[in-house]
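Notes follow the structure.
The values are calculated or read from the model by the stated rules, or taken from the named source; none is laboratory data. Remember, predicted model here, so these are calculated numbers, not experimental data. Neighbour counts are summed over all protein chains in view; Cβ atoms, including those assigned to glycine, are modelled from backbone coordinates with ideal geometry. Ligands, DNA and RNA are stripped out before the accessible areas are found, and what is left, the full protein with its side chains, is counted by its heavy atoms. Shrake-Rupley method; radii C 1.70, N 1.55, O 1.52, S 1.80 Å.
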Amino acid sequence: MSQSYKATAKQNPGRKSWLVEFRHPLRTDTNNKPGKKTRKGLGTEEEHEALRLAEQLNQLLSNKALWSVGAQAEASKLYDARVVEIFYGEITPRSGVSIDLRDKLLPLPGHAEGYARVALMGVPGAGKTTIVRQLLGTHPETERFPSTSVNRTTTFPTEVALRDDDHYEAVVTFMSEHETRFEIEESLSAALVEAVDGDAKKVARTLLEKSGMRFRLKYLLGDFVQDSDPEIDPYDDEDTEELKDIDTISNVTFEEKIQHQQVLMTYINRVIDIAKRLKTELETQQGQIATMSFEDRSAALDLIEEQAVTSDEFLELVSDILDELRTKFAHVPGGRFEKTTTGWPNAWHIKSTADERESFLKAVRFFSGISYQSWGKLLTPLVNGLRVIGPFKPNWAEQGARLVLIDTEGLGHKATATADLPEQVLMLLHEADVVLLVDSAKNGMTNFAAGKALEGVVNTGYTRKLAVVFTHMDAVKGDNLKGHAKLDHVFGGLRNVIENQLAKNVSAEAARYLLEHLSNNTFYVGRIDEIDPKPAKPELLKLLAHLSSSQPPVFEPVAFPEYSHDNLVLAIQEAAKEFRQQWKGILGLAPHPEFKPKPWQTIKALSRRYAEGWDDGFVLRPTSNLVATLSAAVSRFLETPLEWSGNPTPEQKRETIDRIKTAVTKQLPALSARRLREQPQPVWHSAYSLRGKDSTFERRMRIEGIYERWIPVPDARGDRLAFEFLNEVKGIVLSSVSEVEREVRALDVT
């Protein structure tokens, strides 16, 4: 008998707004069956309107002909736009929507207007955002834009264009309501596991700050402080300069802190109550959790979590927190919101005159700030992109520059499984004119992620775009480290990474070329957190001149390499083997010197994200890992052609090889997403839906089964699946080689 679907309009206790509850026929539940229980806001406080919308949704739910993304246009002719959004918003693709919206509301200037685009990369705390501040000329104490911290600050792309006119503009885009609900559910699920032991402080910590440190509910809801706790230590999370009391409008008052605490305490108590009830029920049947083996305890906690997230109490709690987050948008001064039909903000747009710079930056800080004095009012965790354009100019330069600066998330954060460049950063490499790698001179390029970033740039063929900035030169001290000796010492760390790590992992020739390139494109600065960094001014001026003069490189090949197809097969085999070994280590199925097993909660969260089609921004990033391993192996292959036509110089060889690398790496993300996200999505869901005894081990095996099926290691047995994978990667590489070869021949003809 087929399942019938019914929508019901209701209100959460104490809330004026109406919502609708129904089982979505195109979303699967935790048991991998159609009909996931769903709650969505209706965008109205009127009962008669809510009932009307629920009735329309019931009509849609009874018409199977409309149950597909392709039927959305037809449904739009029949039903209220809010009903259409509620039903189809759960299943429509989400990638690229925010970028398109920013481009629509505030396009970035481009090459036609003489602008150079600069993508900044670096490990957390290296000084990326401080470099941006210096190039913008924003005051570190009175303006604080962009925000800086010793901890992870930039969790979304911040794009700033220096435009010589008389006004400022900004556009902020947000997570969708659907994605925000998902993040709340993830935070609550993690908190529920902690709540089994009944420790309110641990529950609060887990709820308010996820391990990935991206979605921090404490910024939105305020921090949790018990009477016995010491005073908040601002140095625990914030840099000193971020603590100045300059935004009275965004600072949280004492009364507001009390209110935040009361609201938080109700949430925490509700989480503990759910966990306590389910723990009692489970222990009645299976015995005390405290006496169970590790595997049995993991399975028991997994079962408690599964029962909790499907309960009405959990759904009500998610809805209450989501409603609370909606109220935070009311604090924003100025600007206008672009909202969905149900009232969830998609974007915020503001335009101010040059005289209104102070109020403009105060408004923008609601979306990018991190100061603990504003916790409870900040919207930073809900932001997925910030774009600002205005008459910014470095204080130490006589005139401005036509630059678009793109600040990215810190590389190799401790929460991530690998130091591979995320796919979003790889996309920026293709679009940028300059790739600016920022590292602290105190570290001397000893951070593993910084070395991996160098490899990533070389493997994508963008060596000529790369420049390096060493910050904190003032912290490099020693009796023998004066003048050029200090510069040589710092560059020596970079040289060591290139001559050892890069030469080994890519090629000696690629390492030689990169070292030669960076000898003329490395900059050294210190004390740049100061208002007037006088000692750094000459070097900052050199950096500004370099960035301003950078334009897309012109490809002028004069020769072409010939490659062995047999060697390409070996390269693909090498990549597949490396990827599989990494993930056997992460899944705990085989020992690995670098990749250690991840907790069952993290593996489960990964399976849910891939089952539901979320972007690759999690702690674990299989698609990014596959792109990185394939790029590295193909890069090594391309570095060693059998021979060259003509008699090219080393520079001409490098230019052609890099061109092919770029063509290849532009196609690898699509292959990776198709093989690891799209095609095995049902298996990801079956892995997530596993429950009970041995489920944590079985989930790991299901994920390994996905990799075995879609990323098989080619060998002499001639397996059909391995042959398909091999041919798909070969096709990308060989088509890229042919594409560049046609360019060479076309230039020869002209």
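Residues in the range 515-533 that are part of a helix (DSSP H, G or I) and either among the aromatic types (Phe, Trp, Tyr) or touching a residue at least 24 places away in the same chain (Cβ under 8 Å) (or both): how many? Talk me through it step by step, then tell me what you get.
Residues of the range 515-533 part of a helix (DSSP H, G or I): 515-518.
Then keep just the ones that are either among the aromatic types (Phe, Trp, Tyr) or touching a residue at least 24 places away in the same chain (Cβ under 8 Å) (or both); that gives 517-518.
Total meeting the criteria: 2.
Considering each of Glu256, Glu242, Glu238, Glu209 in turn, give the residue that is modelled with pLDDT under 90, open to solvent by 30 Å² or more (accessible area, probe 1.4 Å) and in contact with a Ser or Thr (Cβ under 9 Å, 6 or more places away or on another chain).
Working: Glu256 fails: in contact with a Ser or Thr (Cβ under 9 Å, 6 or more places away or on another chain); Glu242 fails: open to solvent by 30 Å² or more (accessible area, probe 1.4 Å); Glu238 fails: open to solvent by 30 Å² or more (accessible area, probe 1.4 Å).
Just a single option satisfies the conditions, and that option is Glu209.
If you go through the range 434-454, how many residues are open to solvent by less than 10 Å² (accessible area, probe 1.4 Å) and either out of contact with any helix residue (DSSP H, G or I) (no Cβ under 7 Å at 6 or more places or on another chain) or among the charged types (D, E, K, R) (or both)?
6
Identify, please: which residue in the range 97-120 is under 30 Å from His178 (Cβ atoms) and either of a type outside the set (A, V, I, L, M, F, W, C) or touching a Ser or Thr at 6+ places or on another chain (Cβ under 7 Å) (or both) and is, among those, surrounded by the most Cβ atoms within 10 Å (Cβ to Cβ)? Steps first, answer last, please.
Quick first cut of the range 97-120, residues under 30 Å from His178 (Cβ atoms) only: 97-108, 119.
Next, only the ones that are either of a type outside the set (A, V, I, L, M, F, W, C) or touching a Ser or Thr at 6+ places or on another chain (Cβ under 7 Å) (or both) stay: 98, 100-104, 107, 119.
On the way: Ser98: 22, Asp100: 10, Leu101: 18, Arg102: 22, Asp103: 13, Lys104: 11, Pro107: 12, Ala119: 25.
Here the residue is Ala119.
From the list Leu690, Leu671, which residue is in contact with a Leu (Cβ under 9 Å, 6 or more places away or on another chain) and either more than 30 Å from Asp29 (Cβ to Cβ) or not polar (S, T, N, Q) (or both)? Don't jump to the end; show me each part of the working.
Numbers: Leu690 fails: in contact with a Leu (Cβ under 9 Å, 6 or more places away or on another chain).
When all the criteria are applied, what remains is Leu671.
Output yes when any residue across the range 628-646 is at pLDDT below 90, over 23 Å from Pro669 (Cα atoms) and either in contact with a Gly (Cβ under 6 Å, 6 or more places away or on another chain) or among the polar types (S, T, N, Q) (or both), and no when none is.
Step one: list which residues in the range 628-646 are at pLDDT below 90, which gives 645-646.
This time we only want the ones that are over 23 Å from Pro669 (Cα atoms), so: 645-646.
So of that shortlist, the ones also either in contact with a Gly (Cβ under 6 Å, 6 or more places away or on another chain) or among the polar types (S, T, N, Q) (or both) come out as 645.
Checked the range 628-646: at least one residue is at pLDDT below 90, over 23 Å from Pro669 (Cα atoms) and either in contact with a Gly (Cβ under 6 Å, 6 or more places away or on another chain) or among the polar types (S, T, N, Q) (or both).
Being in a helix (DSSP H, G or I) and out of contact with any strand residue (DSSP E or B) (no Cβ under 9 Å at 6 or more places or on another chain) is the filter here; which residues of the range 457-473 pass it?
Taking the range 457-473 as the starting set, the residues that turn out to be in a helix (DSSP H, G or I) are 457-459, 463-465, 473.
Once the filter is applied, which keeps residues that are in a helix (DSSP H, G or I) and out of contact with any strand residue (DSSP E or B) (no Cβ under 9 Å at 6 or more places or on another chain), the range 457-473 yields Asn459, Thr463, Arg464.
Here's the yes/no breakdown for (1) of a type outside the set (Val, Ile, Thr); (2) more than 16 Å from the chain's Cα centre (by Cα):
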position	(1), (2)
Thr173	no, no
Thr180	no, no
Ile184	no, yes
Ala190	yes, yes
Ala195	yes, yes
Gly198	yes, yes
Leu208	yes, yes
Phe215	yes, no
Gly222	yes, yes
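From Ala628, Ala590, Ala611, Ala576, grab the single residue that is surrounded by 23 or more Cβ atoms within 10 Å (Cβ to Cβ) and out of contact with any Asp or Glu (no Cβ under 7 Å at 6 or more places or on another chain).
Values: Ala628 fails: out of contact with any Asp or Glu (no Cβ under 7 Å at 6 or more places or on another chain); Ala590 fails: surrounded by 23 or more Cβ atoms within 10 Å (Cβ to Cβ); Ala611 fails: surrounded by 23 or more Cβ atoms within 10 Å (Cβ to Cβ).
Answer to the check: Ala576.
Are any residues in the range 678-699 in contact with a helix residue (DSSP H, G or I) (Cβ under 6 Å, 6 or more places away or on another chain) and crowded, with 18+ Cβ neighbours inside 10 Å, and if so, which ones?
Pro680, Val683, Trp684, His685, Ala687, Tyr688, Leu690, Ser695, Thr696, Arg699, listed by residue number.
Inspect all residues belonging to the range 348-362 and state whether any of them is at pLDDT below 90 and either open to solvent by less than 40 Å² (accessible area, probe 1.4 Å) or not charged (D, E, K, R) (or both). Even if it seems obvious, please write down each step before you answer.
Residues of the range 348-362 at pLDDT below 90: 362.
With the extra rule that they be either open to solvent by less than 40 Å² (accessible area, probe 1.4 Å) or not charged (D, E, K, R) (or both), the set shrinks to none.
Taking every residue of the range 348-362 in turn, none turns out to be at pLDDT below 90 and either open to solvent by less than 40 Å² (accessible area, probe 1.4 Å) or not charged (D, E, K, R) (or both).
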